[in-house]
1. Could you name every one of the strands (runs of 3 or more DSSP E) located completely within the stretch 1-62 that has at least 3 residues being at pLDDT 95 or above, buried (at least 18 other Cβ atoms within 10 Å of the Cβ) and touching a strand residue (DSSP E or B) at 6+ places or on another chain (Cβ under 8 Å)?
2. Name every residue in the stretch 26-64 that is more than 23 Å from V76 (Cα to Cα) and among the charged types (D, E, K, R), in order of residue number.
Amino acid sequence: MVLITFNKCQRLLCLNYVQRVSSAELAAVRDDLKAALTDLPDGFRLLVDLSQVEFMDPDCLPDLGRAMELFDQRGVSLIVRVIPDASKDIGLNILTLFHYPHHPRVITCQNLAEALRQLAVWK
């Protein structure tokens, strides 16, 4: 499951991946993601929370790459990822090298509280 939320005032897009994530689910939220991005200004920040992922299908990699390219085109300035278990990182650092030509800053955190501090949303 994928949950997309955004806060326009804080220039923050949040993606929460929950339980088992399939490429079909990523395809199903593609239009919602594009719609959220139209409401965010250049220089927006991205929070990617993988703390609730049980399994992400390797078939998701092309969809994740396309989403990264979309974020890059829309001017993402900071990406904060919550990955408490390194074994659940399905290669995001490698994908980042190929799909973010503008090289936004990327921070990986162990938990959501740490991520929110990095985003200066919570102290």
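The values are calculated or read from the model by the stated rules, or taken from the named source; none is laboratory data. What you are looking at is a predicted structure, and each value in this text was computed from that prediction instead of being measured. Neighbour counts run over all protein chains shown; Cβ positions are idealised from the backbone, glycine included.
1. 12-21, 45-56
2. Hits for the stretch 26-64 are E54, D57, D59.
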